[in-house]
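Right, one structure below, let's go through it.
Laboratory data are not the source of any read-out in this text; all were calculated from the coordinates shown. Quick caveat: nothing in here was measured; it's all calculated off a predicted structure. Cβ sites come from the backbone with ideal geometry, for glycine too, and all protein chains shown count toward neighbours.
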Amino acid sequence: MTRRISIPAAVFVLLFSWSPYAHAVCTNGFDYDTFTTCTSDTTTTAPPPPTSTPGNGGIFTCSAPGATSIASSAAIGGTFVPVFDAAVALNTATLTYKECTLKVLAVQDRLARNAVYVDNQFKLISEGRNGNPYWVVNYEREERKVDDQSVVDTYRSPVYSTINPAFKNDVERTVLRNYQLTTRAPQNAFVCPYQGDLKAATTNPTQNFDFGYLFALASNPGACDGVFAYYQAEAIRDTNRAAAKNEWVTRLNWGNGIYDSRNANGDVIVPGIFLNAIGQQTVTSGFRQLENVDDIGQMVGSFLSGLGSKLLSGPSSIASVQQYLGQAVQQQQGSLVNSVVGTGLTNLYQILTWEQQYNDAQQDMAATLNTAITQLRSAETKCYQLIEQNVCSSASTATSGGRTCTAESGGATLTITASTTFSNAVIVDANIKDLATALAQRITVSNENLTTINTLITNIQSTDATTRNTALQQLEAIAQSSVLHTQANVTRAQDELTLLKDTFDDTSSGIVSTAIHRWAGDDTSGGTGTIDWSGSMSSDAGWCNVNSQPTLDNWTTKWSD
């Protein structure tokens, strides 16, 4: 009878779907080269992880591991649906993940982006007019600025160029001085600069009288008399001032109090009414979003939604409003970070569950192999003890050459040499070494995966932004690849475990049970102790059949040599 044991091909197809890369001297506590137990793992090189290939769309899609985790925990049952429907569970999980995780994340992302937008828009509208706000900060001061610019433009224009040279400079100077007087120091209008006898001067108007001058003065007083020229110049100035201020006020009315955006030539690029609309949208954005909240995860931060209250409370300066908006941005970004971290942890915990289940299955398979070896070794030791009891007339004694006893038959001195030859043969024929090597490498990689996942779980919750963001990027890369094990790998490993246990542990057809029955001389038809040992160490059939006298005689002969 042959000693070769046939292992189901499926075991090898499953276990060797990933070929080993490194030879392990001590594999799962057993050295398969020397067939002895060991305690130190001397694996030289760990196999590389599975090749990273494009997988799903990452943790921010409906195919994320987190969606599957909801499916795996979905309880579908009851009166009308008595069985677990995987398709329904997966669809339900996808919708749940989308609504309860991705939708919340999307809302928080929108709110964070909106807060940044509001902050940026307020800065632009409060600083965009050459560092000044687009609205009127001080009406009197800004009106005077328009007034001043109008006087300067009138003075520089050609309108005064035709004034008679005899008094042109005096008229222009007086016009400017008078403007300055009325706008900067109106009380000085009553101060007469004449230092002589003003009364005598005003009572002698006929001195140097000339009819020609009088006729010219009558025909065009503004051109021939400095006083009249001054009044006319002043009228032109004031007309332009009024027109400039009217335009300024009109444009502010068009823009509801907001300046137009103009280019270097003074052309309107963006009307004030547009800027006003943007400003209104900006400062009311948070409240409008809060007002429209109707689902989970849509709550707006107190700073962003309370911007209107901040403005109504009478802020001390524009800078204080900008500082407030900076806090709003931080608050919304913090909410976004919490949502992203929560999404990441949902996926990481599922990935961890899969990897741990995969690891447990591999460990259980390794334990199954070790248990099989232990059972074979234990059965072999008991066999030698039974044989010794049946071939020795008395208990054996220890000598320098080993243990000896007197033979029950013939009285010869027997040298008892127990070995692990038969159990080793079963181990070799069952290819346990190759299976254990593959499992050891799988366990090594899985342990490294578990370390990586737990590190990511810690880092993703870090208060350090760089550490957290790096962990999120690594998680996203992992989720989009096939680096770690998924539910499919877990299912496959559990199927392998079931098959391996059946192969080795089944009490009727398992490798261990079959070997022990064969050692005891049992035949394949169900007969017990029907096979005698041939006396050859290369055949294990019946070697432990202590109820067979031929078997006992062969051991007596073997130990007598």
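ASP540's amide H: which non-local residues (gap 5+, or another chain) put their own amide H closer than 5 Å, with H modeled 1.01 Å from N in plane and none for Pro or chain starts?
Under 5 Å from the amide H of ASP540 lies no amide H from a residue far enough along the sequence or on another chain.
Which residues' amide hydrogens lie under 5 Å from the amide hydrogen of THR406, considering only partners 5 or more residues apart or on another chain, with H built in the peptide plane?
SER393, SER394, LEU414
Run the numbers on region 419-561 and let me know its relative contact order in percent, using alpha-carbon pairs under 8 Å that are six or more apart. Write out the running numbers ahead of the final one.
Numbers: 112 pairs, mean separation 17.2, N = 143.
Averaging sequence separation for qualifying contacts and normalising by length gives 12 percent for region 419-561.
Each residue of region 501-511 in turn: what ³J(HN,Hα) in whole Hz from Karplus with 6.51, -1.76, 1.60 and θ = phi - 60°, glycine and Pro shown as x?
5, 4, 5, 9, 9, 4, 6, 9, 10, x, 4
Bin width 10 Å, origin at 0, all Cα-Cα pairs of region 362-487: what percent of pairs per bin?
Pairs per bin, as whole percents: 11, 23, 17, 15, 12, 9, 8, 4, 0.
Can you give the net charge of the other residues whose Cβ lies under 14 Å from the Cβ of ALA395, counting K and R as +1 and D and E as -1? Show your work: numbers first, answer last.
Values: positive: ARG403; negative: GLU388, GLU408.
For residues surrounding ALA395, the net value is -1.
Efficiency by 1/(1 + (r/R0)^6): what FRET value for GLU127 and ASP506, r their Cβ-Cβ distance, R0 = 60 Å, to the nearest 0.05?
Working: r = 81 Å, r/R0 = 1.35.
Once rounded, the FRET efficiency stands at 0.15.
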